[in-house]
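Working notes, beginning with the structure itself.
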Amino acid sequence: MMAGSPDHKQEDGGDWNTVIRLQSYLHGGTSSLLSALPTLFVFPVYKTIFRQQIHNTSVHHAVGQLYKEGPVKLYRGVVPPLLMRTLNGTLLFGLQDTLLRHLSLSTHNATSAAALPALAGFGAGMVEAVVFTPFERVQNVLQNGQNDRHLPSLRSVLMRLKVQRISQGYYRAFLPIAARNTLGSSLYFGLKGPVCVLVAGQGLSPMGSSFVSGTLTSMAISLTLYPLSVLVANMQAQVGGEVKGVMTCWRALWKSRNHSVALLYRGGTLVILRSCITWGITTAIYDRQQQQSS
């Protein structure tokens, strides 16, 4: 909760009390957790998409792979995305709100007020990349069926990554993740407010406007940044072997897709649809909680 207004920051304990609102962290975590619960039911679909991203296969072939592996391994790798999604919302929304208030209070800020949410989102996205790249790395290793034999458990994956150089282990593909997260967060926080106002003008309820705003914003972001997610998945799925740079991996990926945008976006329809629904729910719940606490 905000401890005071800018006019009372000295008597309430300093500058940080004016820019840190614990409610934003709590609301972000709650909304993300509630929107992440359906992950338990759609995880097999997500895993199918991951196999398409890695092996450039059809849906039928990816489903066949999972069927052969059996039901025991179907939910291998589900824990990291559930944990990451909840923690991600807590950090992303809370930190963006903190940075936004800090930027708004700065007397030396020459940036347009309309651009501040996007700028704060950029900063939050960078911290998000630093914190959650290891989660994504572990998740992608676990979901790659080719690792099942020599990395059969979560513990074995963690121990293997621990002995790797940081850039090859837990922080493999950090640069494309940082680019994706900072751009995605900037677009989300920069667009969701204006889009919500525009949609509300059409007569929708506040919660309905927030849902549509989150959905449309997520669609634009997912369509734009999906190729980066494919690149990250391919860079992180393997452990060991020859370590290649980002551009080398991108050229190899583009070549493996026969220089086709359609093949690069294989599996993207379901990812984008899931992202739209998830972020629509998250945005609606978060905005609702913020309104009730204001």
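Can you compute the FRET efficiency between Arg160 and Ala114 using 1/(1 + (r/R0)^6), with r the Cβ-Cβ distance and R0 = 51 Å? Round to the nearest 0.05.
0.65
What's the extension gain from Ser167 to Leu225 if we count 0.36 nm per residue and subtract their Cα-Cα distance? Spell out each step's value before the answer.
Details: separation 58, 0.36 × 58 = 20.88 nm, distance 2.23 nm.
Here the answer is 18.6 nm.
Under a crude label model (7 Å from the Cα following the beta-carbon direction), how far is Ser205 from Lys68 in nanometres?
If labels sit at Ser205 and Lys68, their model points lie 4.9 nm apart.
Given a Förster distance of 25 Å, report the FRET efficiency between Ser104 and Ala178 from their Cβ-Cβ distance, rounded to the nearest 0.05.
0.50
Where nothing but the Cβ of Lys and Arg (+1) and of Asp and Glu (-1) is charged, how large is the charge dipole of the chain around its Cα centre, in debye to the nearest 20?
So the magnitude is around 1400 debye.
Quick one: putting +1 on the C-beta of Lys and Arg, -1 on the C-beta of Asp and Glu, what dipole do you get for region 126-281 around its Cα centre, in Debye to the nearest 20?
Around 480 debye, computed over region 126-281.
For a protection proxy built on the mean count of beta-carbon atoms within 10 angstrom, sort 139-152, 253-266, 214-227 highest first, please.
Ranking the peptides 139-152, 253-266, 214-227 by packing returns 214-227, 139-152, 253-266.
Which of Pro176, Leu151, Ala200 sits farthest toward the positive end of the charge dipole of the chain, with +1 on the Cβ of Lys and Arg and -1 on the Cβ of Asp and Glu?
It is Leu151.
Just one of (i) 54; (ii) 42; (iii) 45 is percent of Cα pairs over 28 Å apart calculated from these coordinates, so which is it?
From the options (i) 54; (ii) 42; (iii) 45, the structure gives (ii).
Let's test this: bin the Cα-Cα distances of region 142-294 at 5 Å from zero up to the farthest pair and state each bin's percent.
Per 5 Å bin, starting at 0, the Cα pair percentages come out as 2, 9, 14, 16, 15, 13, 12, 9, 6, 4, 1, 0.
Going Cα to Cα from Lys73, which lysines come in below 20 Å? Please leave out same-chain ones fewer than 8 positions away.
Cross-link targets: Lys47.
Of Gly280, Ser185, Gly240, which is farthest on the positive side of the dipole of the chain, counting Cα position, with +1 on Lys and Arg Cβ, -1 on Asp and Glu Cβ, and the Cα centre as origin?
Result: Gly240.
Quick one: dipole size for region 79-210, taken about the Cα centre, charges +1 on Lys/Arg Cβ and -1 on Asp/Glu Cβ, in debye to the nearest 20.
Numbers: 11 positive and 4 negative charges, 105 e Å.
I would put it at about 500 debye.
Let me have the 222 nm mean residue ellipticity of the chain computed from DSSP H runs of 4+ only, each contributing -39500 (n - 2.57), with the sum over all residues rounded to the nearest 500.
Details: 12 runs with 211 residues, N = 294.
It lands at -24000 deg cm²/dmol.
Taking Cα pairs under 8 Å and at least six residues apart, what relative contact order does the chain come out at, in percent?
Result for the chain is 23 percent.
Rounded to a whole number, what % of the accessible area of region 167-220 do carbon and sulfur atoms account for, probe 1.4 Å?
That fraction is 77 percent.
Whole Å is fine, so just give me how far the alpha carbon centre of region 187-231 lies from that of region 49-78.
30
In nanometres, what is the gap between the two model label sites at Val131 and Val79, each 7 Å from Cα along Cα-to-Cβ?
For the pair Val131/Val79, the computed spacing is 2.0 nm.
What's the FRET efficiency of His150 with Leu26 using the Cβ-Cβ distance as r and R₀ = 51 Å, to the nearest 0.05?
Efficiency at R0 = 51 Å is approximately 0.80.
The values are calculated or read from the model by the stated rules, or taken from the named source; none is laboratory data. No experiment lies behind these values; they were computed from the predicted model shown. Cβ atoms come from the backbone with ideal geometry, glycine included; neighbour counts cover every protein chain shown. Accessible surface is based on the protein model in full, side chains and every heavy atom, while ligands, DNA and RNA are left aside. Shrake-Rupley method; radii C 1.70, N 1.55, O 1.52, S 1.80 Å.
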